[in-house]
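Undergrad: Sending over a structure as structure tokens; questions will come in a sec.
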């Protein structure tokens with residue numbers, strides 16, 4: 001199937017959300033409501049778009065879409081490089097270290113940060129790796145306090161379907177402590 005202008009416009013829109021930390025790189029489903037459902041389904045069938053879900057500690061669940069690696073390559077071939085550095089300005093807020101966090105929790109946050117940067121893991125820290133490395137109490141405390149969010153991905157090219165991502169709160173904390181930029 002040849003991609004038409006509507007397909008490329010949707011891919012550009014989804015790609016533009018890849019650098020927004022608030023949405024963890026997913027175009028929210030409510031934003032995708034402006035597009036035809038069949039258009040999204042066609043891109044999912046082609047393996048260009050993957051569906052993801054982020055579950056926060058309060059029970060809220062964000063469903064969204066992200067561009068697959070295959071689509072990234074296609075967009076680079078068509079010279080559609082979309083970057084937005086304005087979101088970095090939101091990272092300058094101060095965060096106090098939470099009372100219930102110790103060195104083990106900070107190490108877990110750092111591991112989640114570094115694992116989610118590995119391209120093989122598709123932007124998430126795999127659940128299996130973290131539960132093998134840390135006690136479930138450590139992960140549960142981070143979830144309850146709101147420092148990490150659960151995420152599950154769907155798609156044909158997804159190897160790791162469930163895992164964790166840092167919340168904005170945790171990113172600010174690690175920046176304040178000097179562990180990340």
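Values quoted throughout were computed directly from the atomic coordinates according to the rules given, and no laboratory measurement underlies them. Computed from a predicted structure; not experimentally measured. Counting neighbours? That spans all protein chains shown, and the Cβs are built from the backbone with ideal geometry, glycine included.
Undergrad: Filter segment 38-71 down to residues that are in a strand (DSSP E or B) and over 18 Å from residue 21 (Cα atoms), then give me how many there are.
TA: 1
Undergrad: Do we find that residue 131 is farther than 16 Å from residue 53 by Cβ and buried (at least 20 other Cβ atoms within 10 Å of the Cβ) in this structure?
TA: Judged against the criteria, residue 131 is not a match.
Undergrad: Among the residues of segment 134-173, how many are within 20 Å of residue 49 (Cα to Cα) and over 14 Å from the mean Cα position of the chain (by Cα)?
TA: Total satisfying the criteria: 4.
Undergrad: Of the residues 157, 167, 116, 152, only one is surrounded by fewer than 17 Cβ atoms within 10 Å (Cβ to Cβ), within 28 Å of residue 44 (Cβ to Cβ) and in contact (Cβ under 8 Å) with a residue 24 or more places away in the chain; which?
TA: Result of the check over 157, 167, 116, 152: 157.
Undergrad: Something else now. Return the residue satisfying two criteria in turn: it lies in segment 1-36 and is assigned to a helix (DSSP H, G or I) and touching a residue at least 60 places away in the same chain (Cβ under 8 Å), and of such residues it is farthest from residue 172 (Cα to Cα).
TA: Once the filter is applied, the top-ranked residue is 8.
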